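The values are calculated or read from the model by the stated rules, or taken from the named source; none is laboratory data. Keep in mind that this is a model prediction, so the values were computed, not measured. For neighbour counting, all protein chains shown are included, and Cβ atoms are generated from backbone atoms with ideal geometry for every residue, glycine included. We work out accessible area using only protein heavy atoms, side chains counted, and drop any ligands, DNA or RNA first. Shrake-Rupley method; radii C 1.70, N 1.55, O 1.52, S 1.80 Å.
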Amino acid sequence: MSDSTALPVIDLADFDAPETRDAALDRLRTVTHEIGFFHLAGHGIDPAAADRLIAASREFFALPDAAKLEVENSHSPHFRGYTRVGGERTQGHVDWREQLDIGPERDAVAEFDPARPWEVLHGPNLWPAQVPQLRPAAVEWMDRLQVVGLRLLRAWAESLGAPADFFDEAFAHPDPLLKIVRYPGHDRSVTDQGVGSHKDVGALTLLYPEPGSTGFQVQRDGAWFEVDPLPGHLLVNIGELLEVATGGYLTATVHRVEPPSTGTDRVSLPFFLNPALDKALPTLPLPDHLAAAARGVGHDAHGGALHAVYGLNALKSRLRAHPNVTERYHAELLRSFELGR
């Protein structure tokens, strides 16, 4: 294991200054080709916004189980709402965390097109009435991080020799996801994973871990190393869609979270910036010297296909991760994916 110094720091403000811009773009490209993870400074988000959301989240997680289960995702065909401890799976194994999944507020599709199965993901969120401040705090956080993520996407496009607006159309109506996660302390008698090893299925992830958090680990060169949060920084990583769009030049890196020790807990705020469900990221035409270093695109963690259309990846991931929702609403959809669709 190593400490957080193994991950570089990138300052978003460097992309705005003429004297630092070119070097910052080179650094962004190099870091995300070689590692796929970095600490982000200069994002301009007031730490008080994170404090408000974490405080509201802790108030929700402190509610009695019956109150939390009023907004359990088993009430949502769209995979929104609360997941109880042990209710999610990664690589088929139990994750030891509880969470709220929050996406864009949209109307449910009354009858989805079988050629567009991702439409089952459109729908409303489930908000806990007992903690009314959670909704505005979460919406504010998502709005702020979406702005940061879109700035990074434009910087990546430029760093790879494309126009800054190369990805803009795919993200004109994005489909972001915020997970508000609590990892309770655990003796590992049931599972040794807070969340198991995986790559993220979207475009990029911006994570705000609660200050003092431990247990977040990144795999590099076959070894795991611990990433300690840096105060005021976001932790950013590439998702599989950007790996696909760059022919494997950018790296979606395997990572995991180990549960904290018994008697402790921690809250984490991963925000996943994704294109519209029906959009595929356009393949970025790399300059020859970069294309020569592209690794190509393999399979997902289950050995299945990586789809260019984001909605197919998102739906496949949710169907596997939330068996309670899948069994209740979408068993036939799961079978279609298992048959290789």
In the stretch 249-277, which residues have a backbone nitrogen under 16 Å from the label point lying 7 Å from GLN91's Cα in the Cα-to-Cβ direction?
-> 253-259
Compute the whole-percent fraction of alpha carbon pairs in the stretch 194-333 spaced more than 20 Å apart.
-> 55
First compute the accessible area of the chain with a 1.4 Å probe, then give the percent of it belonging to carbon and sulfur atoms.
-> 52
On a C-alpha basis, how far is the centre of the stretch 157-200 from the centre of the stretch 242-297 in Å? Whole number, if you could?
-> 7
Using bins 10 angstrom wide from zero, how does P(r) for the chain break down, in % of all Cα pairs?
-> 5, 26, 37, 25, 7, 0
Filtered hits (lysines, Cα-Cα < 27 Å from LYS68, offset >= 8 within chain) -> LYS179, LYS316
For the stretch 33-190, alpha-carbon Rg relative to the globular expectation (2.2 N^0.38 Å, N residues) | 1.19
In whole Å, what are the Cα extents of the stretch 229-279 along the three principal axes, biggest one first?
-> 43, 22, 22
For the stretch 184-338: accessible area per residue (Å², 1.4 Å) = 39
Hits among aspartates and glutamates - C-alpha to C-alpha of LYS199 under 17 Å, sequence gap 8 or more where chains match | GLU34, GLU88, ASP95, ASP221, GLU226, GLU240, GLU243, GLU258, ASP300
Divide by every residue of the chain the summed helix terms, -39500 (n - 2.57) for each DSSP H run of at least 4, and state the resulting mean residue ellipticity at 222 nm, rounded to the nearest 500 deg cm²/dmol.
-> -9000 deg cm²/dmol
Taking the Cβ of TYR183 as the center, what net charge do the other residues with Cβ under 11 Å away carry, scoring Lys and Arg +1 and Asp and Glu -1?
-> -2
